[in-house]
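Data first, discussion second: the structure below is written as structure tokens.
The values are calculated or read from the model by the stated rules, or taken from the named source; none is laboratory data. For clarity, every value in this text was computed on a predicted model and none was experimentally measured. As a convention, Cβ positions derive from the backbone with ideal geometry for all residues, glycine included, and neighbour counts pool all protein chains shown. Areas reflect the complete protein model, heavy atoms only, side chains present, ligands, DNA and RNA absent. Shrake-Rupley method; radii C 1.70, N 1.55, O 1.52, S 1.80 Å.
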Amino acid sequence: SSALGGIANILRYIGLVNQELGDFEQALYVNKLSLSVRLLQPFKEYSAIALMAETIAMFEFKLKNFEQALDYFNQALQAKKELQGDVTIDVARTVNNLANIHFSLGNLSEAMELYQEALEIKKSCLGEDSDDVVNTLKNIAQVMVTAGKEQDALQAYQSIVNIRQGRYGENHMSVAETLASMGDVYIKLGELDKAMTYFEQSIKIQKTQDGPCDERILENLGSIYGKLGQWQKAESIFKEIVQIKRLEHGDDYLAVARTLDLLAVSYIEQERSSESIEHLQEALRIRKACLDADDGEILASLNKLAFVYKSLDMIDEMQQVKAEFEAIQNGVDL
């Protein structure tokens, strides 16, 4: 038994070397050999079996071999239960990993059952408000959203908010992140007023912290303001997004151009079309710097400018933009 254990350890070491060298296929192969040797031992070393099975499972998961990952996580789980019993945090984390794989495979009912099992064990071992409990509640919320059970997802997210507020206070970034997730769910439900409220609460918290606000949340909020006809608020949001993107990526960044388009729309909707021109012109300049001369985005940018010029009776400017548009379509060098 000790000789077999020594061989298994040597194979495990070789697997670690292969992993360090980036040869994951070979590392996986050697680790499987190591586990096979472990399983030949008359006296089972369950801690070593669990470690090797879980290592192999993680490799299989990274390689998107989900069915194989399930098999090895189940082996790890059985070894851990033999060694530790059914109710330990280590067992709960392996159950959670099994649930993750079922979720990746689209097995939502199996994933939900396992997440609930992991949640109860974590609560028993760590208390109701631990980070591990929160992580599993997030997993449960994601399954619920995917399954179309948005109200159940909202309940899970609200539990997370309550835990985070209790532990860290109302202005913690983890609270802001969860409120934004609730906003996403309300968007899916088509309840834009509620989505707006949660995004606004999230941004309010973020503004108490150092650094810029989350672009994605700002973009969602700006989009909702537009859909609800609150264009002055949308204008303010889009200006903030442009500033953040320029600070992070510089002026010649394609996403800046796309947000400038939205900012221009906010002016047009407020009957301030003349103020949209400089933003549409800047969006066009960025696209010319970033894209091929005949790219569809450049043509769309020219169209937007022509529309605004026409609405303002700026006929000469419209004709100039129209001529540029036609030259690009006809393959004429400008």
Q: May I ask you to list pairs of residues, at least six apart or on different chains, whose Cβ atoms are under 7 Å apart, with the first in segment 213-242 being closer than 21 Å to residue 191 by Cβ and the second being open to solvent by 10 Å² or more (accessible area, probe 1.4 Å) and in a loop (DSSP other than H, G, I, E, B)?
A: 231/270
Q.
Just to verify a result, which residue in segment 286-320, among those that are part of a loop (DSSP other than H, G, I, E, B), among the acidic types (Asp, Glu) and without any contact (Cβ under 8 Å) to a residue 12 or more places away in the chain, is nearest to residue 265 (Cα to Cα)?
A. 313
**Q.** When residues of segment 243-285 are limited to those that are outside any helix (DSSP H, G or I) and either more than 23 Å from residue 203 (Cβ to Cβ) or touching a residue at least 40 places away in the same chain (Cβ under 8 Å) (or both), the one most open to solvent (accessible area, probe 1.4 Å)
**A.** 271
**Q.** Members of segment 81-111 found to be part of a helix (DSSP H, G or I) and under 20 Å from the mean Cα position of the chain (by Cα), listed by number
**A.** 96, 97, 99, 100, 101, 102, 103, 104, 108, 111
Q. Of the residues that make up segment 178-185, is at least one open to solvent by less than 70 Å² (accessible area, probe 1.4 Å) and over 20 Å from the mean Cα position of the chain (by Cα)?
A. no
Q: Filter segment 61-103 for residues that are over 24 Å from residue 36 (Cβ atoms) and without any contact (Cβ under 8 Å) to a residue 40 or more places away in the chain and give the result.
A: 85, 86, 87, 88, 93, 95, 100, 102
Q | Subset of segment 115-139 [open to solvent by less than 30 Å² (accessible area, probe 1.4 Å) and over 20 Å from the mean Cα position of the chain (by Cα)] | A | 118, 119, 121, 122, 127, 130
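Yes/no matrix, rows are residues, columns are (1) over 27 Å from residue 156 (Cα atoms); (2) not aliphatic (A, V, I, L, M):
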{"residue": "31", "(1), (2)": "yes, yes"}
{"residue": "41", "(1), (2)": "yes, yes"}
{"residue": "56", "(1), (2)": "yes, no"}
{"residue": "71", "(1), (2)": "yes, yes"}
{"residue": "83", "(1), (2)": "yes, no"}
{"residue": "104", "(1), (2)": "no, yes"}
{"residue": "121", "(1), (2)": "no, no"}
{"residue": "129", "(1), (2)": "no, yes"}
Q: Please work out which one of (1) within 30 Å of residue 60 (Cα to Cα); (2) part of a loop (DSSP other than H, G, I, E, B); (3) touching a Ser or Thr at 6+ places or on another chain (Cβ under 7 Å) is the condition residue 171 fails and give its number.
A: (1)
Q) Restricting segment 186-229 to residues that are of a type in the set (Val, Ile, Thr) and over 25 Å from residue 152 (Cβ atoms), which is surrounded by the fewest Cβ atoms within 10 Å (Cβ to Cβ)? A) 208
Q.
Tell me which helices (runs of 4 or more DSSP H) are completely within segment 1-80 and hold 3 or more residues being modelled with pLDDT of 85 or more, open to solvent by less than 20 Å² (accessible area, probe 1.4 Å) and closer than 27 Å to residue 118 by Cβ, or say none if there are none.
A. 46-62
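Residue 146: open to solvent by 30 Å² or more (accessible area, probe 1.4 Å), under 22 Å from the mean Cα position of the chain (by Cα) and closer than 21 Å to residue 70 by Cβ, yes or no?
Taking the combined requirement at face value, the residue satisfies it.
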